[in-house]
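Before any comments, here is the structure.
Every number in this text was worked out from the coordinates using simple rules, so none of it is lab data. This one's a predicted model, so the numbers in the text were calculated from it and none came from an experiment. So basically every Cβ, Gly included, is an ideal-geometry build from the backbone, and we count neighbours across all protein chains shown.
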Amino acid sequence: MDEDKSAYEKFLVDNHVVFPTYDDISKKTATDYGTSMFPETYFIDRNGRLARQSCRASGIGSRREIMQSIDILLKQN
């Protein structure tokens, strides 16, 4: 939702984000996935399907839970 491209890029650098991210300037993703709180993370499986949706604001999506979700997805065929 951040409309400041430089702030988005700075966040990625400052937090050492090394995985692919998507900056949804059109805000279509939030509408398509029914996002109601921010920040929110979407885990997309190898087949392009939504595997998990995680929202830190609602109390789910701790760093440990997120890493476990990534590990599970990477181990799937």
With the crude spin-label approximation of a point 7 Å out along Cα→Cβ, what separation in nm comes out for D14 versus S62? 2.5
Once the in-chain neighbours fewer than 8 apart are removed, the aspartates and glutamates whose Cα is under 16 Å from K5 read D14, D23, D24
Amide H of R52 versus every other amide H placed in the peptide plane: which residues, excluding those fewer than 5 positions away on the same chain, fall under 5 Å? F43
Show me, bin by bin at 10 Å from 0, the whole-percent P(r) of the chain based on Cα pairs. 15, 47, 35, 2
Dipole size in debye (nearest 20) for the chain around its Cα centre, Lys and Arg Cβ +1, Asp and Glu Cβ -1? 340
